[in-house]
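**Q** There's a structure below that I have some questions on.
Laboratory data are not the source of any read-out in this text; all were calculated from the coordinates shown. This one's a predicted model, so the numbers in the text were calculated from it and none came from an experiment. When we count neighbours, we look across all protein chains shown, and the Cβ atoms used for this are built from the backbone with ideal geometry, even at glycine.
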Amino acid sequence: MTFDAAEKEAVYVELQAHFRKRLRRNELLSRHCTFGVGGPADFWVTIETREELMSVVRLCADRLWPLLLVGNGTNTVYADAGVRGIVARIALNGYSIEDQGGGRALLLAEAGVNWPRLLNELAPPGWGGLEFGPGIPGTLGGGVISNAGAHNSNLGEVLEWIEVLDARSSSEDRHSVPLVRRYQHDELDLSYRHSRFRELRRVEFDEQGNLKPVARGLIEPAEIIMLLAIRLHHEEPQKLRKRIEEYKQHRKRTQPVQKSAGSVFKNPAGDYAGRLIEQAGMKGVIQGKAQISERHANFIVNLGDASAADVVALIKEARNRVHEKFGVDLELEVELRGEWGE
């Protein structure tokens with residue numbers, strides 16, 4: 001859906017009453033993703049409470065306004081044409097710890113909590129469980145979608161349950177009310193870089209090797225993670241801090257320093273995407289202002305003013321060369337968002 005000038009003004013007036021200074025028009029999405037690419041969103045808002053989240057979902061469903069809900073943009077490539085409609089960043093960042101005795105606790109964290117910041121606050125009192133993730137720059141909510149992990153650990157190993165705002169029926173019936181739903185661990189279909197939510201976001205390639213971006217719904221995603229329950233255990237704070245620091249240093253040694261969206265492809269079973277891309281002769285290849293990293297071939301970096309088209313061209317070329325040389329179909333780990341057909 002594309003708004004005309006009169007419709008844009010009406011949308012702005014209504015949203016401005018809700019969000020005031022947190023509402024921006026024609027906001028460049030390159031400012032809101034770690035890769036630094038992406039054109040403008042018609043409207044950009046920051047959501048700070050569950051009540052605001054429920055309200056904006058109901059409003060957009062009722063008005064038939066396209067709504068894209070996002071996190072920190074750490075594994076996202078936004079299209080050069082941007083995103084039509086409303087893009088809302090979920091900034092719910094509160095958490096609490098329920099001490100269960102015996103050196104165990106349950107962390108109740110909102111989806112917008114930043115992983116590295118949380119670790120800095122959990123380490124001094126000695127609460128372990130998430131220390132494998134100091135190099136994961138995203139939010140905990142985003143971490144559920146891809147079952148984020150590192151150093152042979154992943155979020156699914158400590159995740160107890162999550163709460164989502166289920167707006168699936170709202171996308172079909174504008175008068176339907178979104179529901180709060182709780183999913184237990186075993187209902188999430190968690191595996192290597194996968195969850196039940198990931199399947200609906202999966203970007204595939206056609207027979208000619210071209211990317212096929214995921215079709216967008218009215219409310220996207222239709223199940224919006226709001227709250228996580230994570231098991232913690234007590235450890236010696238000094239040992240915990242030492243391990244976190246070791247993981248930080250490992251990231252500095254092995255990952256590029258330039259802007260990127262993290263690992264581009266999932267590792268195929270029994271191998272590494274970076275090794276295959278390097279062996280296919282793609283390491284260091286440049287397209288426009290984007291480059292397949294010389295440090296780690298499963299990263300594409302922004303050399304300065306790269307376009308999303310540059311990034312997608314490298315993704316396509318790396319995937320196709322690996323397929324031709326090794327017969328391996330690499331699956332994307334990054335997400336493509338926006339108006340790719342324009």
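**Q** Can you list the lysines whose alpha carbon is less than 22 Å from that of residue 289, not counting same-chain residues fewer than 8 positions off?
**A** Straight-distance partners of residue 289: 259, 316.
**Q** So what are the ³J(HN,Hα) numbers for the stretch 267-282, from phi and the Karplus equation (6.51, -1.76, 1.60; θ = phi - 60°), rounded to whole Hz, Gly and Pro as x?
**A** The phi angles translate into 6, x, 4, x, 8, 10, 4, x, 5, 5, 5, 5, 5, 7, x, 9 Hz.
**Q** Still on this model: Taking 0.36 nm per residue of sequence separation and subtracting the Cα-Cα distance, how much length would be gained by fully extending the chain between residue 214 and residue 6, in nm to one decimal?
**A** 72.0 nm is the gain from fully extending residue 214 to residue 6.
**Q** With +1 assigned to the C-beta of every Lys and Arg and -1 to the C-beta of every Asp and Glu, and no other charges, what is the dipole magnitude of the chain about the Cα centre in debye, to the nearest 20?
**A** My answer is approximately 960 debye.
**Q** If you don't mind, another one. Please name whichever of 156, 40, 132 sits farthest to the positive end of the charge dipole of the chain, dipole taken about the Cα centre and charges placed at Cβ: Lys and Arg +1, Asp and Glu -1.
**A** 132
**Q** For the modelled label position 7 Å from the Cα of residue 294 along Cα-to-Cβ, which residues of the stretch 254-284 have backbone nitrogen atoms closer than 14 Å?
**A** 256-258, 283-284
**Q** Starting from one equal scatterer on each C-alpha and no solvent at all, send me the Debye-based log10 I(q)/I(0) for the stretch 37-81 at q = 0.15 Å⁻¹, two decimals.
**A** -0.47
**Q** In debye, nearest 20: dipole of the stretch 86-166 around its Cα centre with unit charges on the Cβ of K, R (+) and D, E (-)?
**A** 260 debye
**Q** Using alpha carbons only, what's the Rg to Rh ratio of the stretch 192-342 with Rh from Kirkwood?
**A** 1.02
**Q** What is the mean projected area of the alpha carbon convex hull for the chain, to one decimal in square nanometres?
**A** Answer in nm², one decimal: 17.7.
**Q** To continue, here is another question. Using only the Cα atoms of the stretch 54-132, what do you get for the radius of gyration and for Dmax, in Å?
**A** Both quantities, over Cα of the stretch 54-132: 17.4, 54 Å.
**Q** Another one. Mind jotting down a quarter of the surface of the convex hull over the alpha carbons of the stretch 293-342, in square nanometres, one decimal?
**A** One quarter of the hull surface, i.e. the mean projection, equals 4.4 nm².
**Q** On average over all directions, what projected area in square nanometres does the stretch 92-217 have, based on the convex hull of its Cα atoms?
**A** 10.2 nm²
**Q** For residue 223, list long-range residues whose amide hydrogen, built 1.01 Å from N in the peptide plane, is under 5 Å from its own amide hydrogen.
**A** Close amide H contacts, sequence-distant or interchain: 167.
**Q** Something else now. How many nm separate the modelled label positions at residue 269 and residue 117, each set 7 Å beyond the Cα in the direction of the Cβ?
**A** About 4.0 nm, to one decimal.
**Q** In nm, give the distance between the simple-model label positions of residue 160 and residue 176, each being 7 Å from the Cα along the Cα-to-Cβ direction.
**A** Those two pseudo-labels are separated by 3.1 nm.
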